[in-house]
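Values quoted throughout were computed directly from the atomic coordinates according to the rules given, and no laboratory measurement underlies them. Remember, predicted model here, so these are calculated numbers, not experimental data. All Cβ positions, glycine included, derive from the backbone under ideal geometry; neighbour counts span all protein chains shown.
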């Protein structure tokens, strides 16, 4: 029996969705930054094992939009929840549910597929705090599964995979087993450069930046010479 399903990871901006996705894949495929709303594209990442395939849609953080770009990003994330087989709602136990979390929960109540509550950063919080957060969220909404993890340290990631396999339906293998992302090399390189720019030049560059890769050349040693432009908003 082979199973396959589409999974989306939702949560407040900067809660660690990209870090979780990278931990599941054991690859750096999604941009990670201390600045919120750095994920601007719906990237499909593919995990293929012997008896299942999971296709992850890494979406921008869901929040109450304050501008046109925010509206587009929230709509993009909300639409993704309607077309998947499983939703992972990622939270941090050191933060009480705020307006953003309540906004997300209202969206999740309309979803017709299983929803997991995933508590990140459990290694950074005492057990009492984690238990208190679990109780609070359980009273707001019923979840099919509740899984405490540490995305950064990889704790309980294998357990999360096992539970996802349990809930996804039987289905075909949508992508070749050696395909792990539906984007080309230039896109991945551009995202890595954008991440570094946001992290290292936080005071010098604005939030809205894009990276244009002009050329990529592989040398005899197997490394790349890459040239590109960093485009900033005025």
Q.
Testing the spin-label approximation: label points 7 Å from Cα along Cα→Cβ at residue 174 and residue 131. State their distance in nm.
A. 4.0
Q | Cα convex hull of the range 84-136, projected area averaged across orientations, nm² | A | 3.8
Q) What FRET efficiency do you get for residue 109 and residue 196 if R0 is 41 Å and r is their Cβ-Cβ distance, rounded to the nearest 0.05? A) 0.60
